[in-house]
Amino acid sequence: MSTDNITTLGEVTVEILERFAFMLGDPTEEKTAPALPAAAWMATMQFIGPRRGTLGLATTAAFAHSMAANLFGREPGEVNDEEAADALKEFLNVTCGDYLHELEGNEPIYDLSAPVVVPADRAALQARLAGRPQFALNVEGQPLFVFLGD
Amino acid sequence: MGYNILIVDDSLTARTFIARTLEISGVELQQVYQARNGQEALDLLQREWVDIVFADINMPVMNGLELVRRMRETELLKAVPVIVISTDRSAQRMNELKAAGVQAYLTKPITPEELKATVERFLQPAA
């Protein structure tokens, strides 16, 4: 996966954060990247078409709750885990569709799997992200890691 | 008075986003119904009159394409406009949906302006 692709993914993610979740994401440099959360939520989905791979997000439960609260028009404390996970999945789904469109246009057909969310500790996240094209955003004080995989 | 609108998507987030975007758009709404898949939508359409349907494609139980096919086979639902809202933008998929009877295709995330323009394109002003 080229550097151009991860740059495109970064631009798409920031735009979808703003348009879909009404959240502002600040790209971080390697030196200033946030630490991997000790207890994270990891969302992944596969895309199969002219390109084949996995798009993933890793973040905190607090981020997912804030996103769901924005989308549902509630306070973060009024959102349950199921709703927060659903918001993260839909955000990933929309981001994946927009990313593939930016790369390939309207011609190719892609099969997209249903997104899944699982809990992950820091060691599991490190293993999943090691050597993968990735970037980190600071989203209103919460870390959001975005990565590509096989 | 306003429109009765049905939103069909397996994601609560997507349904809520579309419903809130409709409210913001200024479209006159009487009732906004929600269904989690095509089968739930068909069940609801047997009980309630709906002016327009916004549906996703990829859903469990019954997907959006099958929902449209079933609606087009049903006398009372034949003329109800169905607008697909999805992340899938391939031209081939859009052609397949149009052939099945989908009136228009919007990509997520939709904007209030897109939704309002779509409702106005397919419906007469609400009584």
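Every number here is computed from the coordinates shown, using simple stated rules; none is lab data. Given the structure is predicted, the values throughout are model-derived calculations rather than measurements. When we count neighbours, we look across all protein chains shown, and the Cβ atoms used for this are built from the backbone with ideal geometry, even at glycine.
One table, with the values for the structure above:
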item	result
³J(HN,Hα), Karplus 6.51/-1.76/1.60, whole Hz, each residue of region A:47-55, x for Gly, Pro	10, 10, x, x, 10, 9, x, 10, 10
Mean Cα-pair separation over length for chain B, i.e. relative contact order, pairs under 8 Å, 6 or more apart, %	27 percent
Furthest towards positive pole of dipole, B:Q46, B:V102, B:Q30, structure part chain B, Cβ charges	B:V102
Per-residue mean of C-beta atoms belonging to partner chains within 10 Å, peptide A:97-109	4
Lys/Arg +1, Asp/Glu -1 at C-beta; the protein assembly as shown dipole; positive extreme among A:W41, A:Y110, A:F72	A:Y110
Lysines whose Cα lies under 29 Å from that of B:K108, excluding same-chain neighbours fewer than 8 positions away	A:K89, B:K78, B:K98, B:K116
Loop-resident sites, region A:20-113, for GluC sites (Glu not before Pro), counting at most 14 other Cβ within 10 Å (DSSP)	A:E29, A:E30
Isotropically averaged projected area of the protein assembly as shown, using the convex hull of Cα atoms (one quarter of hull area), nm²	14.6 nm²
Gyration tensor (Cα) of chain A, equivalent ellipsoid semi-axes in angstrom	22, 18, 15
Per DSSP, loop chymotrypsin sites (Phe, Trp or Tyr not before Pro) in region B:27-127 with at most 16 further Cβ within 10 Å	B:W49
Span-like helix ranges in chain A, DSSP H, alpha carbon extent 15 angstrom or more, Kyte mean at least 1.0	A:61-72
Listed residues B:D56, B:D43, B:D88, most fluctuating in chain B (Gaussian network, C-alpha, under 10 Å)	B:D43
Cα Rg, Dmax, region B:39-127, angstrom units	12.8, 37
Model label zone, A:A33; criterion: amide N under 16 Å from point 7 Å along Cα-to-beta-carbon; scope region A:52-67	A:56-60
Rounded if a/c under 1.5, otherwise prolate or oblate - region A:91-150, Cα gyration tensor axes	prolate
Candidates per trypsin sites (Lys or Arg not before Pro) in region B:74-127, loop by DSSP, up to 10 other Cβ within 10 Å	B:K78
Magnitude of the charge dipole, region A:85-150, Cβ model with Lys/Arg +1 and Asp/Glu -1, debye to 20	400 debye
Cα centre as origin, Lys/Arg/Asp/Glu Cβ charges: region A:1-134 dipole, Debye	480 debye
Helix-only CD estimate at 222 nm, as mean residue ellipticity for the protein assembly as shown, using -39500 (n - 2.57) per DSSP H run (n ≥ 4)	-13500 deg cm²/dmol
Between region A:39-73 and region B:55-80, the alpha-carbon center distance in angstrom	29 Å
Within the protein assembly as shown: Cβ-based charge dipole about Cα centre, in debye rounded to nearest 20 (Lys, Arg +1; Asp, Glu -1)	440 debye
Gained length - A:A123 relative to A:T8, 0.36 nm times residue gap less alpha-carbon distance	38.6 nm
